[in-house]
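Just below is one structure, and these are the notes that go with it.
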Amino acid sequence: MAPEAVNWPVVFTMLFVIMCQLVVFPFLPFMIRDQLELAPDDPKLGSLAGVAAAAYNAGQFLGAPLYGTAADRLGRKPVLLVCLMLSGLCILGFAMSSSYAISLGMRSAQGFFSGAVIVGKIVLFDVTTPATEAQVFGMIGLSFAFGYMLGPTIGGVLAQPSAQY
């Protein structure tokens with residue numbers, strides 16, 4: 001019996017993490033405007049939104065080097081599950097934050113705990129054979145592409161629900 005070509009749970013995990021990274025972009029300026037009580041045309045709004053968006057990547061920059069070693073020492077599945085759980089809690093904390101400082105902290109923490117993508121790639125590399133390599137790594141790209149499409153779309157649908165619905 002041939003090995004399964006694609007580990008779908010890992011691919012969907014990566015899709016989820018990418019979606020959570022990008023879901024905030026459609027409503028981020030509105031959220032910051034409300035948190036800081038800025039005027040809609042305040043020139044600082046774009047810079048503040050950019051800092052909040054970059055906070056994820058700053059956290060990711062700090063956390064990424066730890067996950068390969070952690071996955072080797074503690075096992076792939078526990079690290080993958082902990083990263084996914086903590087990243088999910090951080091996006092919920094971000095969604096419920098009422099201050100800009102807490103939003104930055106939650107966004108940075110979410111980036112720090114986004115190791116599920118790194119560990120997911122390690123898992124896929126571990127189970128991939130030369131015969132299935134192209135298909136598996138193509139699915140990584142596909143999960144990123146769908147995450148880039150679905151994350152902002154979901155965020156746009158959910159932006160300012162009191163005004164839309």
Check your understanding: Hey, any idea what % of the chain's accessible area is carbon plus sulfur with a 1.4 Å probe?
Key -> 72 percent
Check your understanding: Out of PRO40, PRO130, PRO152, any idea which swings most in a Gaussian network model of the chain, alpha carbons joined below 10 Å?
Key -> PRO130
**Study point:** Volume per residue of the C-alpha convex hull in the chain, rounded to whole Å³
**Key:** 121 Å³
Exercise for review: Mean Kyte-Doolittle of at least 1.6 plus a Cα span of 20 Å or more along the axis: flag which DSSP H helices in the chain meet both, please.
Suggested key: 8-22, 76-96
**Study point:** For the chain, calculated [θ]222 nm from helices alone, where every DSSP H run of n ≥ 4 adds -39500 (n - 2.57)
**Key:** -26500 deg cm²/dmol
Practice item. First measure r as the distance between the Cβ atoms of TYR100 and LYS77, then evaluate 1/(1 + (r/R0)^6) with R0 = 41 Å and state the FRET efficiency to the nearest 0.05. Key: 0.70
Check your understanding: For the range 22-165, with only Lys/Arg (+1) and Asp/Glu (-1) charged at the beta-carbon, what is the dipole magnitude about the Cα centre, in debye rounded to 20?
Key -> 300 debye
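The values are calculated or read from the model by the stated rules, or taken from the named source; none is laboratory data. Note that the structure is predicted; figures quoted are calculated from it, not measured. Here the Cβ is made from the backbone with ideal geometry for all residues, glycine too, and neighbour counts use every protein chain on show. Heads up: the accessible areas ignore ligands, DNA and RNA and are worked out on the full protein's heavy atoms, side chains in. Shrake-Rupley method; radii C 1.70, N 1.55, O 1.52, S 1.80 Å.
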